[in-house]
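Student: Before I ask anything, let me first share the structure, which is written out below as structure tokens.
Every number here is computed from the coordinates shown, using simple stated rules; none is lab data. All values derive from a computational prediction rather than experimental measurement. Positions of Cβ are backbone-derived with ideal geometry, glycine not excepted, and every protein chain shown enters the neighbour counts.
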Amino acid sequence: MLLKIEKRAEYSRAMIYLTPVFALILTMLTSIVLFRLLGVSPMEALHNFFILPINTEYGLSELFVKGTPLILIAIGLSVGFKANVWNIGAEGQLTMGAIVGSSIFIYFHDIDSIFLLPAMILLGAIGGALWAAIPAYLKTRFNANEILTSLMLVYVAILFLSVLVHGPWRDPDGFNFPESRTFSESADMPILMAGTRMHFGTLLALFAVIGAWIMMSKTLIGFQIKVIGSAPTAGGYAGFSQKKIIWFALLFGGAMAGIAGLSEVSGPIDQILPSISPGYGFTAIIVAFLGRLHPVGILFAGLLMALTYLGGETAQINLGLPVAVTGVFQGMILFYLLACDVLVHYRFRWNSFGKAAS
Amino acid sequence: MSGFDWIVPVILTVITAATPLVFAAIGELVTEKSGVLNLGVEGMMLVGAVTGFVTATVTGNYFLAVALAAVAGGFMAFLFGILTLSLMANQVATGLALTLFGVGLSALMGQEFVGEPVASLSKLNIPGISDIPIIGPIVFGQDGLVYLSFVMVALVSWFLYKTKAGLILRAVGDSHDAAHSIGYSVIGIRYMAVIFGGAMSGIGGAYLSLAYTPMWAENMTAGRGWIALALIVFATWKPGLVLVGAYMFGGITILQLHAQAAGLDLPSQVLSMLPYLATVLVLVLISKDQSRIRKHAPACIGKIFHPAA
């Protein structure tokens, strides 16, 4: 072998920030091939994907509408991933957050109070956290794999949502459509900018970014998460409880996903529907990695992934491309990122033996 | 006898529900035995399902459909191999990426085929023998893939425990450093195990779109890839128990359909939750016994191998 791969003694900082850029460039290059295969002019497709959607002020505001749930969820997941807690059931936690958070409106829809929305947000966080508490309990008590349990609960949560909208939560005046009643003004997320759908949830997401940054860099729990995640044995010697971290990571991730779910139903959706998320909980996994598990990185990665949703829609309308292109794009970017990560952890060297032989 | 008329159709549906799980789980078992955890089963199944379906619709050749599904699953697994084995990426993250990618890719590939029906995989019907009550249709009236699933379980079991190659594969999974130091190619062996797992997942997916519900729908695996992963834990990495587990889950899946038909007064969605809840329950029951898991799980599972020399 001419090339030799050596483990780096310490992570290359520059590479950590450069790999997402490499990944994006490689994804773009591959998608040019993909667009050709689909019989679309690559330049036109890229223009439709990345420029057109955010050409207008409204388009730009939509970036924040789509990015809000992604950023909220990814912030929650990143804390878990840092601690090696693999919560991949955010989609279910989002659903339960939306359900529990809006329950107060569904049952007391006459309430007209400025406390209604804060109560709903709080309940949304609680709903998501409770749903994530199940894998946390099963992991800490029975050592059941949290990847599988949290994911199974996604299907349970979505089916539960379906029970509600087809049954007890169906709008009595809704002509039998499987939809809840529309949220009243006091249950709606306030709009931040007139004429757009940008809502208060975006501020919550920015607050989460700042809060998580402070938590991870300045607090003891943040320190414990990092130590347990990178060197569990050392963490054990230091007296950090792994169980406590598992609980914290899952509850925090669940609460964030729950808030994301509630902010969707009381924001752009405005009611409970059988389907309240186009897979935000899963895309947020990509956002978390692409953002290098760092709050600020996640902010940018969330907006980029939001752009792929918007771009997919634009390309569908203008070029007749299937919406699924978005998913392929998102998966590809994560693939390339993981592949490029080899540059972070390892150093490539020309093998001197190989040189001599040639 | 007429009171037992329901038995045969129930058993037949259990078999069709269990077969995709058998394929996916037995393939992933080999992958895990080599020390690699590939969480991309769901994605590989989906790509297999759509490849099989599209091939069958376009060519009408079911043998080719299943073969290409295996190739497609194997290719997805090969991508996973490049990332985790050659580029030493985290296996958990890469497996998730493979599933997310597979969901999108299969939806893209199947875009024009959604809702189109295709003739179901033909059954092996032996005139005379298949007409024997109960035993006839169950034992002699299945499609080829059902028989193949049993053959694969037997083959994998024989390979792992009775052949030298199987011993080497297990050694690689239990101690890659030791296997490497006596001269075995850890990476090469793992590539083969990973690709085999992907091919089996691909066939499992094709079974869904060609026999279980002969059609293509986005995300039609509905978590079966993940259930297959849980089955391996349930089976404590033993091929025979994978078969038992898959049939148990097949039974639960079918139970919900029949409970509905029997007029059970519950929303249908509650019954649909059963397989997922059962998976969680099974995981809890098995994982409780830590020592048993540790004794049977491949020691190197999920660990990155980087040769020192």
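Student: For chain A, set up a Gaussian network in which alpha carbons nearer than 10 Å are linked by springs, and say which option among A:M152, A:M120, A:M193 fluctuates the most.
Tutor: Residue with maximal mean-square fluctuation among A:M152, A:M120, A:M193: A:M193.
Student: While we're looking at this one, here's another question. Beyond 38 Å, how much of the Cα-Cα pair distribution for the protein assembly as shown remains, as a whole percent?
Tutor: 35
Student: What residue among A:G124, A:G195, A:G222 has the largest mean-square fluctuation in a Gaussian network model of chain A, using Cα springs under 10 Å?
Tutor: The residue with the greatest mean-square fluctuation here is A:G195.
Student: Highest first, please rank the peptides A:259-272, A:163-176 by the mean number of other Cβ atoms sitting within 10 Å of their residues. It would help to have the intermediate numbers written out before the result.
Tutor: Values: A:259-272: 26.6, A:163-176: 13.6.
The most tightly packed comes first, giving A:259-272, A:163-176.
Student: At 25 °C and 0.890 mPa s, grab the translational diffusion coefficient of region A:136-189 from Stokes-Einstein with a Kirkwood Rh over Cα pairs, rounded to a whole number in µm² per second. Can you show the working numbers first?
Tutor: On the way: Rh = 13.7 Å.
Rounded to a whole number, D works out at 180 µm²/s.
Student: Please give the peptides B:265-277, A:313-325, B:25-37 ranked by average Cβ packing (other Cβ atoms within 10 Å per residue), highest first, as a rough proxy for protection.
Tutor: B:25-37, A:313-325, B:265-277
Student: If the cut-off is 20 Å between C-alpha atoms, which aspartates and glutamates fall inside it for B:K303, apart from same-chain ones fewer than 8 positions away?
Tutor: Leaving aside aspartates and glutamates fewer than 8 places away in the same chain, those within reach of B:K303 are A:E6, A:E10, A:E146, A:D341, B:E28, B:E32, B:D174, B:D177.
Student: Here is a follow-up. Relative contact order for chain A: what is it in percent, counting Cα pairs under 8 Å that are at least 6 residues apart? Each step should come with its number before you reach the end.
Tutor: Details: 621 pairs, mean separation 128.9, N = 358.
RCO, chain A: 36 percent.
Student: Just for the Cα atoms in region A:186-336, what are the lengths along the principal axes, largest first, rounded to whole Å?
Tutor: 59, 43, 27
Student: If you don't mind, another one. Roughly how crowded by other chains is peptide A:162-169, in terms of the mean Cβ count from those chains within 10 Å of each of its Cβ atoms?
Tutor: Across A:162-169, the average partner-chain Cβ count within 10 Å equals 2.
Student: Can you pick out the pairs among A:K82/A:K139; B:K33/B:K295; A:K139/B:K288; A:K139/A:K243; A:K226/B:K295 whose Cα atoms lie more than 19 Å from each other?
Tutor: Flagged as over cut-off: A:K226/B:K295.
Student: Helix-derived [θ] at 222 nm for chain B: sum -39500 (n - 2.57) over DSSP H runs of at least 4, divide by residue count, nearest 500?
Tutor: Rounded to the nearest 500, it is -22000 deg cm²/dmol.
Student: So how tilted is helix B:239-261 from the main axis of chain B? Cα-based, degrees 0 to 90, rounded to 10.
Tutor: Approximately 30 degrees, to the nearest 10.
Student: Another question, then. Need one value for A:338-349: mean number of C-beta atoms belonging to other chains within 10 Å of its residues' C-beta atoms.
Tutor: The shielding value for this peptide is 4.
Student: Cα-based Rg of region A:1-59 per 2.2 N^0.38 Å, rounded to two decimals?
Tutor: 1.69
Student: Give the Rg/Rh ratio for chain B, taking Rg as the radius of gyration of the Cα atoms and Rh as the Kirkwood radius, to two decimals.
Tutor: Details: Rg = 19.6 Å, Rh = 19.9 Å.
Here the Rg-to-Rh quotient is 0.99.
Student: Loop-only chymotrypsin sites (Phe, Trp or Tyr not before Pro) in region A:1-87, please: DSSP not H, G, I, E or B, and at most 13 other Cβ atoms within 10 Å.
Tutor: Answer in residue order: A:Y11.
Student: Using Cα-only point scatterers and the Debye equation, what is log10 of I(q)/I(0) for region A:61-320 at each q in 0.07, 0.08, 0.09, 0.11 Å⁻¹, rounded to two decimals?
Tutor: For the requested q values the scattering log ratios are -0.24, -0.31, -0.39, -0.58.
Student: Mind putting a number on the dipole of region A:61-320 about its Cα centre? Charges go on the C-beta only, +1 for Lys and Arg and -1 for Asp and Glu, and I need it in Debye to the nearest 20.
Tutor: The dipole magnitude comes to about 1280 debye.
Student: Please average, across the residues of A:261-273, the number of beta carbons from any other chain that are within 10 Å of each residue's own beta carbon, and give a whole number.
Tutor: 0
Student: I've got another one for you. May I ask you to order B:138-149, B:217-228, A:247-258 by the average number of other C-beta atoms within 10 Å around their residues, highest value first?
Tutor: Sorting B:138-149, B:217-228, A:247-258 by mean packing, highest first, produces A:247-258, B:217-228, B:138-149.
Student: Report the charge-dipole magnitude of the protein assembly as shown in Debye, nearest 20, computed about the Cα centre from +1 at each Lys and Arg Cβ and -1 at each Asp and Glu Cβ.
Tutor: Around 3020 debye, computed over the protein assembly as shown.
Student: Further question: Per DSSP helix of 4 or more residues, -39500 (n - 2.57); summed, then divided by the residues of chain A. What does that give at 222 nm, rounded to the nearest 500?
Tutor: Numbers: 15 runs with 244 residues, N = 358.
About -22500 deg cm²/dmol.
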